[in-house]
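Since every read-out is calculated from the coordinates, none of them should be taken as a lab result. Quick caveat, the model's predicted, so the values are computed rather than measured. Cβ placement follows ideal geometry from the backbone for every residue including glycine, while neighbour counts extend to all protein chains displayed.
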Amino acid sequence: MSVTVRKPVALGQTEWTATRFLSILDLSPAELETCLDLAARFKADRAAGRPHARPLTGRHVALLFEKPSLRTRSTFQIAVRELGGDTIEPPADVALGGRETVEDVARNLERWVHGAVVRTYAHACVERMASAAPRLRVVNALTDQEHPCQALADCLTLTERWGRLRGRTLAFVGDGNNVATSLAQAAVMLGAHVVIASPRGFELRDDVCADVRRSARTGGTLRLTTDPVDAVRRADAVYTDVWASMGQEEETAARRRVFAPYQVNGALMAHAPSGALFMHCLPAHRGDEVTDEVIDAPSSVVFDQSENRLHTQKALLALLA
Ligand code: CP
Ligand code: NVA
């Protein structure tokens with residue numbers, strides 16, 4: 001059965017009103033579930049070779065990437081094309097390099113394209129673009145603070161395994177970074193218990209924790225610890241990410257020393273319940289934050305997460321259309 005998408009989208013009792021996606025917190029819990037439902041339908045249609053709605057027909061989306069990307073860039077390119085649209089890719093040094101203000105870049109793009117998918121450093125950059133050009137659908141493709149598109153794919157992956165996240169426990173072991181932030185926002189919003197184990201000084205920020213807890217519904221909780229064993233002990237899934245994110249390369253050696261006790265290896269996974277899933281946004285630094293035996297184990301869902309980037313971003317773009 002094909003999917004028909006209009007705006008606002010009526011799926012069950014749900015209306016979609018979001019016009020930007022800078023953060024998971026731009027969505028209501030119902031909108032987050034709507035996006036995951038539509039992603040699952042797009043995925044099923046694609047697997048069955050069924051045609052689906054092409055709401056971007058005749059429209060362009062700009063991809064502006066100031067940092068490297070395999071998964072995000074590729075899946076947005078495919079997503080736009082499969083929704084009937086096309087992409088443009090102005091060089092990052094032209095669009096985001098200070099040649100003109102990001103507000104003026106956004107005001108130009110708004111006259112030509114439907115949306116802008118932006119990977120940059122300062123989170124304020126995507127906020128400034130979205131404020132300056134309200135008709136431009138700005139999508140955060142990763143900032144230093146948040147990676148909401150990754151969290152959509154992570155939640156779809158877990159939904160496929162568990163039916164729903166509510167009541168499940170998700171452990172994140174490592175840096176309280178952009179991936180941890182968006183994962184906590186999304187999973188707690190869907191009713192999961194999120195436990196984050198980080199070294200002192202690398203925890204999720206207090207204001208992030210406060211926002212996550214405000215968005216909790218039906219029993220979702222967030223707990224921070226410095227003890228990775230404590231974090232994984234009741235975990236249904238264990239997630240990790242690189243110790244030094246893009247832009248922190250100079251800190252790699254120092255971080256390797258601090259984070260060594262937080263490596264997700266066989267010994268740590270032995271403390272988790274049997275059957276606990278392993279998750280990673282990728283790229284992985286094998287031998288640092290995760291060992292081969294864990295990332296290559298049958299319980300690893302890292303390539304499901306990667307595949308689901310495509311389906312969730314198609315849903316997101318269709319809903320923002
Ligand atoms: N997970 C992720 O965002 O991958 P890329 O950096 O390759 O886009
Ligand atoms: N935290 C990582 C995620 C990469 C997808 C980074 O920002 O580099």
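Structural remarks
- Boolean, Asp93 is over 22 Å from the mean Cα position of the chain (by Cα), in a helix (DSSP H, G or I), touching a residue at least 12 places away in the same chain (Cβ under 8 Å) and surrounded by fewer than 20 Cβ atoms within 10 Å (Cβ to Cβ): no
- In region 124-148, the residues that are buried (at least 18 other Cβ atoms within 10 Å of the Cβ) and of a type in the set (S, T, N, Q): Asn140, Thr143, Gln145
- Every condition in (1) without any contact (Cβ under 8 Å) to a residue 60 or more places away in the chain; (2) in a loop (DSSP other than H, G, I, E, B); (3) within 16 Å of ligand 2 (Cβ to nearest atom); (4) buried (at least 24 other Cβ atoms within 10 Å of the Cβ) holds for Asp175 except the one numbered (1).
- Subset of region 65-80 [more than 16 Å from ligand 2 (Cβ to nearest atom) and buried (at least 21 other Cβ atoms within 10 Å of the Cβ)]: Ala79, Val80
- Count - residues of region 241-287 that are within 16 Å of ligand 1 (Cβ to nearest atom) and outside any helix (DSSP H, G or I): 17
- Candidate set: region 288-298, residues that are surrounded by fewer than 16 Cβ atoms within 10 Å (Cβ to Cβ) and closer than 22 Å to Leu156 by Cα; chosen: the one nearest to ligand 1 (Cβ to nearest atom): Asp296
- Glu110 falls short on exactly one of the conditions (1) surrounded by fewer than 24 Cβ atoms within 10 Å (Cβ to Cβ); (2) out of contact with any helix residue (DSSP H, G or I) (no Cβ under 7 Å at 6 or more places or on another chain); (3) closer than 30 Å to Glu203 by Cα, and that condition is (3).
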